[in-house]
Structure formats: C-alpha cells, structure tokens
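The values are calculated or read from the model by the stated rules, or taken from the named source; none is laboratory data. Not measured: the values here are computed from a predicted model. Heads up, the Cβs are rebuilt from the backbone with ideal geometry, glycines too, and the neighbour counts pull from every protein chain shown. Note: areas computed on protein heavy atoms with side chains; ligands, DNA, RNA excluded. Shrake-Rupley method; radii C 1.70, N 1.55, O 1.52, S 1.80 Å.
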Amino acid sequence: MKTKVLMAILAVVIAGLIAVPWIASYFYVFIFTEILILGLFAASFNLIFGYTGMLSFGHAAFFGIGSYATALVLIHLEWPFLACLLVSMGASALLALVIGFLSVRLNEVYFAMLTLAFGMMVFAIAYQWRSVTNGSDGLAGFTLGSFGLGLDLTLANPSVYYHVVLAIVAIASVVLYVICRSSFGMILKAIRQNPERVSFAGLNVRTYRLVAFVIAGTFAGLAGGLIAPFLRVASPELLHWSMSAEPILMAILGGTGFFLGPFIGSAAFVLLETWITTYTESWMLVLGIILAMMVIFFRKGLLGTAIDWWMEVKK
Amino acid sequence: MKKTNIKNLLVAMTATATLGTASVSYAEDPIRIGGLYILSGSAATYGEFAQKGIDLAVDEINGSGGILGRQVEMVYEDSQGKASVAIQAARKLVYSEGVDALVGLDSSGVAQGMVPTMPEVQKPLIITHAATPDVTGNLCNPFTYRISVNVAQNMKAAALVAADTGATNWTTIGPDYAFGHQSWEFFGNYLKELKPDVNLMSETNFPRFGAEDFTPFIDRVMDSDAEGVLISVWGGDLVNFIRQANTRGFFEKDMEVMFTVGAATEVLSALGEEMPEGVHLSTRYWYEAYDNAVNDRFVKAYLKAYGTPPSYNAEGAYAAIYAYKKAMETAGTTEGPAVAKALSGMSLEAPNGTVTFREGDHQAMVSPNWGVSGPMHPEHGIRTLTNLQIFDGEKVARTIEETGCKL
C-alpha cells in the first residue's frame, strides 16, 4: 500500500518535472535544469558517501573534468552532444581510477584529505594551463551543435535543453539506482557498516571501494558534461574544493540514507539560494543556519524526516 | 493561474514558506534595469561606485519625468566576478525580475563568458567597466555595447606614453586572467610598432586575481633589468600592491612605472598619500579633465551626495543609464531588440564629452586619460593628475577590420 502511494507520488513528481516549461514561469526552466544536474552530481557522490561511507572532498574534480571535456570537444571538434558526454564520462572515469587507486587505501580523515589534495591539484592545473584551459577565465563561447542519434533538437533552446537534461538524468539515475540495489550495492553498504567483517568474508574491500569511486566519478563527469553547455562556460570554480562541498551539503540536506535524498537536497539548495539572494547577498549565512539545524535535529535529512513523519502518521 | 500551481508544488516540495515573486511587466509599471556588478570580495568597491553613479542618474531621470513617462527602477545582482554566476544572474534578472535592459560587468573574464549569451535573452547590455577587446571584437553581437574604454584603446594610449620615455626594457605585472594577459599583449604590439628597438622582456609576472601577497613579483621586477613596467593590477589588489611596493622601495628605483587603471578614484581614495608621486596613472575618465556642462553637473552632484570625486566606473554606469533613456525614447519602446538597434551609432552627451557607439563594433569612442601623479588635492584627499593627456577615442581605437567584429 505504502509502496503504491510512494510510486504514485514519484509519478506525479516526474510528470510535474516534464511539464515545467509549460506550467512554470520561464525562469524556472533554468532553475530546474540546475537542480537536475546538481542532483545527479550529488547522487553520484552519495554512492561513495551515503552507501560506502567514504567522505570525499574532491568530488568536484570529476564534475569539473566532465565540464572541461565537453567544452573542449565542442570548441575544437564540434562533435554531437552525446559524443561530448561520452568523452566527459571517459575522462572522469580515467581520472577517478587514478585518484581512487591512490586514495581508497586510506580511511576517514586521511581519505578526505587525500581526495581534497588531488582535487586541488586538478584545480591548479586547470587554473594555470592557460593555453588549453584559458586559465582562470575558463572556456566560453562554444556553440551547441546537434544532439546525435539523428535527432533534430535545438539544444540552444533552454526548454529543449531542460528536457534533454531531464531524460539523461532520469536514465543515469535508474542506472545508479540499479547499481545501489544490486548485490554490489549491498556489499558497499556492508563496507560502510563494518569493513573488517566484509574482508573476513573473503571480499577485497579496497577493490570494491575503488570500483564505487570510479562509478561515482563517471556519473559526476556526466553531470559536468551537462553543466558546461547550461552555464555556457567551463571555469576553474567548477573544480574548486568549495564545489566539492556542494554535493556533501546537498546529500546531508536531502538525506544520505535514501537514493532520492541528494535530489531533494539539490532542489532545496538551489531554490533557497535563488529566493534568498533576492533579499540578501549573505545567503551562505542562512544556509549555514539551516544546515546546522538539519544536522542537530533532523539527521535523516529532508526526505528521511518526511518519510519518517509519513510512516508515523499512516501507521 | 499557472504560476500558482507551480508555486504550490514548490512549497510542498521544499516545505519553505517564503517565495520570490516573479513579476510581469505592464505598461504603467516602472522600467526595470538590471545591474550586474561585483558586490562582494576584494573588488566590491567598484560595484559600490557603479551603484552610486547609477543611483544619481536614476534619481535625476525620475525627478524629471522618467523614461517614456515611466519611472526607472534598478535591480542588482552580484556577479561575484565569476562568469557562471553572472550568466545565471542575468537569466534571473531577465526572466524572473523582468528587466528591460542590462548594465554592468567589471571583469573581462565574466564579459567573455556572458556576452555570447545576450542574443538568447534578447535584451541589450551596456558594459560599463570590463575592458576585454573581444566583446567588441570577435565575440561582438547586436545586443552588446560598451560605454567605457577598452584594453585596445587604453594600451594604444599607453604605448604612446611609453614611447615618449627613455625606457627600452619593458615587463609587466598583471592579474592572471584575460585582462592582465591582454593588456600586456596589446601594449607590447603597439609599442613595438611605435618604437621597434624596445625589448619586451620574456619574464612577465601574473599574480592571481585577489592574491594577498605581491612581494615575490615586486622583488622579481626590482631584481631584473627592467627600465619600464606596465602594471594592470586593479581594485583592492592594487591598493595592496602599492602598499607592499612602498615598503620594498619599488618606487625609488629608476624605472618608468605605468598603472593602466591606477587613477581609479576608488584606489586613490583608499591610498591617499601612499600613492607615490611621479608615476604614470591612467583612467577611463578623470573627473577634472572635462570642461562641459554635463560633467560640471555630474561631479558637483556626486561630490554633494557621496563626498568623494566620481570614479570612471561611476561615470560609465551613470552615462549608461542616460544612454538607455535616449535609446528607449528614440525607439519609443522598451522592447529589447528595438532598444539595442537604437543604440547602434547613437551619440549622447556624457560627462566625458560626446560619446558615440560605433556602428561596426558597438564600442563607444571614449578617450583614455593618462597623467602623472602629482601633489595631494587640497579638498578631495587624493593625488592629482599632472601632465594630463586626453587621447582621442577614435584615433586610439582599432579599425573595424582589426576588431574582427562582423555585425
């Protein structure tokens, strides 16, 4: 019964998302595009954070590499959009393999510090390699060509781009969800709860952590590939450690224990930012207060708290 | 009706009570102009000065009947000096706040990212500060205009000043982004043309924008055999730079020092007597350089309202609002494409004389001002400019062919 109601709610939300360009004011097309892309970024992060229990401070490296890859391919090769996204995913997977190989052997604060260091190294390269990355200004001025697969889509139209993002994020989320629910996902959860026990069961914990890290990096790269054409610029800020903090905040805000938590967190984050900056420049202060309240009083995040409340009421 | 639905949905989704109000404009509503400036961080004083200039223009216009009989209202967003932030903020201003036109942009990097998106939002943009030649060059488009001096114009003037000095070996210290690199590139090319025997040193210095510590770069230039140095550091960075250079004895060295935006009154006010005498300072507008009725009125009103002399950023922003007034009245409408079209080739009386937006690239033909820092001003608390040179805006501008702009 409850599952049915939850499915119905999900269906309504998806229908609502599809209808955004027709029912909302035009500006919200941009807002929801951003929510979906950052939601995918946060969901990819939650695979290693919420599921596997690894707190990475360098996840923006993969997001940023994805955005630069798409921008570079659009500028120099003018490939179709889908091909750009594949390049983004390939580039970030490769980077995640290298950084992951060196990082997953360590735990907790050492892992966090190492990923932070690698993230900032990638940032420094993008910032200083002016001839390729255009330094601190980033890459801009690229035009969107065709979509690929012979589909005739005007990607420069924000509503069309929104629907493309919605479709890609939906497919990517289903794939991520299947991974989370598979036996592989179960082992990740077990690693979070008790890594020693998992290794005593004969499983190579480090390999599982590395594979999770690479999958998370690949999907972050996909999100990065989607953000560059949306922002019309791939800039070093997308690689900065403060960008790595965003999926952490979103996952905590929405709820790390639920697959859709990071998406809810992304929605809350982007919408609050949009509304609060209309009234004050110091939106980070407000965000800080909200986050502190969440962590102190609602440990399960917005989605977790809402579901708990609903379960309580409908008993 | 439609809007109510989505708002209900959003309220339910996020459980927040407050909502930003999206507005729809009606004829009797005020004309809204969106301002995009750096309002936080080390260059925030530039955004502040621009706002002061704009407020003055808006008050004057509203006091004398507004534009097309409608009042003018400003909406500001913080660009944070980042292109991605500025592009989102511009979309917010256009689609959510319903602005009719845009002014602003301090950073060249932001301008390079944002300008290509202007045809999408179908609103005119008048750049009042960012100086990269690209936005009125290879990135130009029918909606983008610039009322302030660009790097190409200012560096042509700088090369003329530099060619008059005895210095042969030249280097640069500039912020590590488009502005710093392009300043050096254009300066070098023009100077080489004027004086083929100059030596442009391969050792250049590009500290990060917002860097706190400039001493390694200061020391490096002092240790080199540079006889002239072009410094394009600006804003809060320039204030820090000059203080650190003073303690190192940088200005005592026998060297031609040229600050490409050193006579910004934001910087001069912050430094007071710490700004050394005898260095070359440039600005896009010097408040004492222009003897005309518009400038008299502007400077008097600005001093009265804020107690400091206006900067070039304040002047550019002030003039941009008047440019929109004239363009909207010429077009008889506030429709974006019509206003953008009316701006092309239009002239207006601004504090720095008659300003014309050139048809071929939409760059205003405005004059770079160069001078040498002199004694303190008795009332304004800043250095004066001596040996003031006002270069003809048209003569120092690139030709349309050189800009690479095709409109």
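Cβ distances below 4.7 Å define possible disulfide partners, and in the protein assembly as shown the cysteines left without one are A:Cys84, A:Cys180.
Please arrange A:Asp137, B:Asp55, B:Asp225 by accessible surface area, largest first, computed with a 1.4 Å probe and ligands excluded. Spell out each step's value before the answer.
Details: A:Asp137 15, B:Asp55 65, B:Asp225 105 Å².
Listed by decreasing accessible area, they come as B:Asp225, B:Asp55, A:Asp137.
Charging the Cβ of each Asp and Glu at -1 and of each Lys and Arg at +1, and nothing else, the dipole of the stretch B:303-366 about its Cα centre rounds to 140 debye. Within the assembled protein chains, the solvent-accessible surface assigned to A:Ser242 is about 60 Å², based on a 1.4 Å probe. Helix B:236-248 and the longest principal axis of the C-alpha atoms of chain B enclose an angle of approximately 20°.
Once C-alpha pairs closer than 8 Å and six or more residues apart are averaged by separation and normalised to the residue number of chain A, the relative contact order reads 32 percent. Structural descriptor for chain B: relative contact order 18 percent, calculated from alpha carbon pairs under 8 angstrom and at least 6 residues apart. Running Debye on the stretch A:1-66 with equal point scatterers at the Cα sites and no solvent, what base-10 log of I(q)/I(0) appears at q = 0.14, 0.25, 0.27 Å⁻¹? Summing over Cα pairs of the stretch A:1-66 leads to -0.64, -1.00, -1.05. The value obtained for the protein assembly as shown, namely the Cα convex hull volume divided by the number of residues, is 173 Å³ per residue. Dipole of the stretch A:34-239 computed with +1 at Lys/Arg Cβ and -1 at Asp/Glu Cβ about the Cα centre; of A:Leu151, A:Val214, A:Phe41, farthest Cα towards the positive end is A:Val214. Spacing of the modelled spin labels on B:Gln71 and B:Lys406, each 7 Å from Cα toward Cβ, amounts to 4.7 nm. Kirkwood analysis of the Cα pair distances in the stretch A:1-135 returns a hydrodynamic radius of 17.4 Å. Candidates B:Gly210, A:Val198, B:Ala167 compared by Cα position along the dipole of the protein assembly as shown: farthest toward the positive end lies A:Val198, with charges placed on Cβ.
Quick check on my link table: of B:Lys123/B:Lys326; B:Lys82/B:Lys395; B:Lys326/B:Lys406; B:Lys52/B:Lys325; B:Lys123/B:Lys156, which ones sit more than 27 Å apart, alpha carbon to alpha carbon?
From B:Lys123/B:Lys326; B:Lys82/B:Lys395; B:Lys326/B:Lys406; B:Lys52/B:Lys325; B:Lys123/B:Lys156, over 27 Å: B:Lys82/B:Lys395; B:Lys123/B:Lys156.
Based on the convex hull around the alpha carbon atoms, chain A presents an average projected area of 17.6 nm². Excluding ligands, DNA and RNA and using a 1.4 Å probe, chains B and A jointly bury around 3100 Å² of accessible surface, summed across both partners.
For the peptides A:31-41, A:144-154, B:374-384, the ranking by mean Cβ contacts within 10 Å, running from highest to lowest, is A:31-41, B:374-384, A:144-154.
A Förster radius of 56 Å, combined with the Cβ-Cβ distance separating A:Ala170 from B:Glu277, puts the computed FRET efficiency at roughly 0.25.
Partner aspartates and glutamates whose Cα lies under 19 Å from the Cα of A:Lys2, excluding those fewer than 8 positions away in the same chain, are identified as A:Asp308, A:Glu312. Taking the Cα centre of the stretch B:244-387 as reference, the dipole from Cβ charges on Lys and Arg (+1) and Asp and Glu (-1) amounts to some 380 debye. Summing Lys and Arg as +1 and Asp and Glu as -1 over all other residues whose Cβ lies under 13 Å from the Cβ of B:Pro375 gives a net charge of -2. Straight-line reach from B:Lys253: taking Cα to Cα under 17 Å and skipping same-chain neighbours fewer than 8 places apart, the aspartates and glutamates in range are B:Asp219, B:Asp223, B:Asp225, B:Glu227, B:Glu274, B:Glu277.
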